[in-house]
Amino acid sequence: MFMRIAVLFIVLAAAALAQGLDTVRIWNQYSVTPNVTYLTANNYEAKLDVYRRRGVDTPLPTVISIHGGGWVNGTKGATSLFVLPYLEAGYNVVNITYRLARVSLAPAAVEDCRCALKWVASHAKEYGFDTSKLILTGGSAGGHLSLITGMLPESAGLDRYCVAGEAPQVAAIVNWYGITDVADLLEGPNMKSYAVTWLGSQPDRAAIAKRVSPMTYVRAGLPAILTIHGDADPTVPYSHGVQLTSALKAAGVKTELVTVPGGRHGGFTLAENLKIFQSIRSFLGGLGLTPPPLRTN
C-alpha cells in the first residue's frame, strides 16, 4: 500500500510539472504514515493511513475519509485519490478501512469507524489533529458510515470494541450519496443485495438496521451535514438524502443538500465535481473549518 501511494504521488507530481504546481506542493508538504492498525477484532486488523502536513506547528482541521462498497467491498487504497482535494486545501487526512460483511456482519463496520474516530482523538498530539475541527466524509456506504459515526450518541453502545476514551464531537460531515435508512433497503421496492448481505440472517436484523440508521439519531446539536446526491441514483435512493436533510432542518441542524440533476451513483462529470467541491469548501469555510493554505515556496 505504501508503495502504491508513493508511486501515485510521484506520477501526479510529474504530471503537475506540465499542468501546474498544486500536486507538487502536496507531494512536497505531506508525509504519509500507512497501514496503522487502530483496532483488532475477530482476528482482523483494521488499518488507516495518515496524511500529515509537514512544517506546521499548530493542530490542523482533519478529514476522516471512509471508503464505500456497500459494506461488502472496497478498500482505502481504491479511494486514495478521493482525498486529494482535501490535501490540496491543506487539511490533515486520515483514510480508514473497516470490517466488511465477509469478516463480520452489521454492526461491525460501524463499531470500527467509531473506534477510528476515537483513535484520531487519542493520537491528536502525535499527528497534529485539531479535535475541535474533525470532518467525516465518504461515499455510498462510506457516506452512511460517516453519518452514523458522527451522529451516534455514546448511549447507542456501539463503542465497546474501542480501547480509547470518549469519541470527540465531530464538527462536520460531508455525505456523498450515503444510505440513511438501512431498513428501507432490506425489503420492498428499494431492497438492495448489498444491504441484505451486510445484515445477513441475524434474527434481530430489523433492530440492528434501525440501530445503524442515521435517521434514528436525528436530533438537535448534531454536526453540520452536507449531502451530495444524484437524483437518478439507482444504488442508493435519492429520497434518502432528501429525507435526512428535511429531518435535520426540522431539528435545527445546519445542513445542505447538493443535488446533481440526472446524477447517478457517483461518476459525476468534471464540471459537476468541480461545482460540488466548491460547495464543500464554501460549506466548511462557513463553519470556520478552513486550514491555512499550503506554502507557495
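Taking 4.7 Å between C-beta atoms as the pairing limit, the chain has these partnerless cysteines: 113. So, in Å, what gap is there between the alpha-carbon centers of the stretch 225-297 and the stretch 108-128? With the stretch 225-297 and the stretch 108-128 each reduced to a Cα centre, they are spaced 24 Å. Where in the stretch 123-139 does the amide nitrogen come within less than 16 Å of the point 7 Å from the Cα of residue 57, taken along Cα to Cβ? The answer is 128. Rounded to the nearest whole angstrom, the semi-axes of the ellipsoid equivalent to the chain, taken from the Cα gyration tensor as √(5λ), stand at 29, 22, 19, largest first.
Given R0 = 41 Å, the distance between the Cβ atoms of residue 296 and residue 103 translates into a calculated FRET efficiency of 0.40. Each DSSP beta bridge with both residues in the chain is either parallel or antiparallel, and the antiparallel ones are about 30%. Site pair residue 206 and residue 287 shows an inter-label distance of 3.5 nm when each label is modelled 7 Å from Cα along Cα→Cβ.
Using C-alpha pairs below 8 Å separated by at least 6 residues, the relative contact order for the chain is 16 percent. Taking the longest Cα principal axis of the chain as reference, the axis of helix 108-122 is set at about 40 degrees.
Sequence-distant contacts, meaning Cα pairs under 8 Å at least 6 residues apart, place the relative contact order of the stretch 106-199 at 35 percent. The simple Förster model, with R0 at 25 Å and r as the Cβ-Cβ distance, assigns residue 239 and residue 196 a FRET efficiency of 0.85.
Going by average Cβ neighbours within 10 Å, how do the peptides 257-268, 72-83, 113-124, 141-152 rank, with the highest at the top? Provide the component values of the computation, followed by the final result.
Values: 257-268: 15.7, 72-83: 17.4, 113-124: 22.5, 141-152: 28.0.
Ranked from most to least packed, the peptides come out as 141-152, 113-124, 72-83, 257-268.
State the dimensionless ratio Rg/Rh of the stretch 68-213 (Rg: radius of gyration of Cα atoms; Rh: Kirkwood radius). Intermediate results must be reported in sequence, preceding the final value.
Details: Rg = 15.1 Å, Rh = 15.7 Å.
My calculation of the ratio gives 0.96.
Computed from the coordinates by the stated procedures, all read-outs in this text should not be read as laboratory data. None of these values were measured; they are calculated from a predicted model. Note that we place each Cβ from the backbone using ideal geometry, even for glycine, and neighbour counts take in every protein chain shown.
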